[in-house]
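S.K.: Below is the structure I would like to discuss, written out as structure tokens.
The values are calculated or read from the model by the stated rules, or taken from the named source; none is laboratory data. Quick caveat, the model's predicted, so the values are computed rather than measured. Cβ placement follows ideal geometry from the backbone for every residue including glycine, while neighbour counts extend to all protein chains displayed.
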Amino acid sequence: MGKVVPLFKKDGPQIELVEKLEEIITLAKEGYFTNFVFAGQRVTDGDVTTAFAQADPPKRTELIAHMQVEVVSDMIETIYVVERR
């Protein structure tokens, strides 16, 4: 299973997010990705924008599952660290 790489630190500066998105665009232009999923929440109204490329429903489900596993892992780590204090 692949590792989900966060775009930037939770409280990182906005420019860091922009730089990571530009890096993803560069990699996509070089043919680095075969499939892609994206979700982002807008600051202005809280609406969520989702997008995908070259990913049929089973592949989108697989890619989203990678993100869900990463979230669960982070939650377990947070709980474990808090309980160990």
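S.K.: So residue 34 fits all but one of (1) under 14 Å from the mean Cα position of the chain (by Cα); (2) assigned to a loop (DSSP other than H, G, I, E, B); (3) polar (S, T, N, Q); what number is the exception?
M.R.: (1)
S.K.: Kindly list the number of the only condition in (1) outside any helix (DSSP H, G or I); (2) surrounded by fewer than 12 Cβ atoms within 10 Å (Cβ to Cβ); (3) at pLDDT 90 or above that fails for residue 65.
M.R.: (1)
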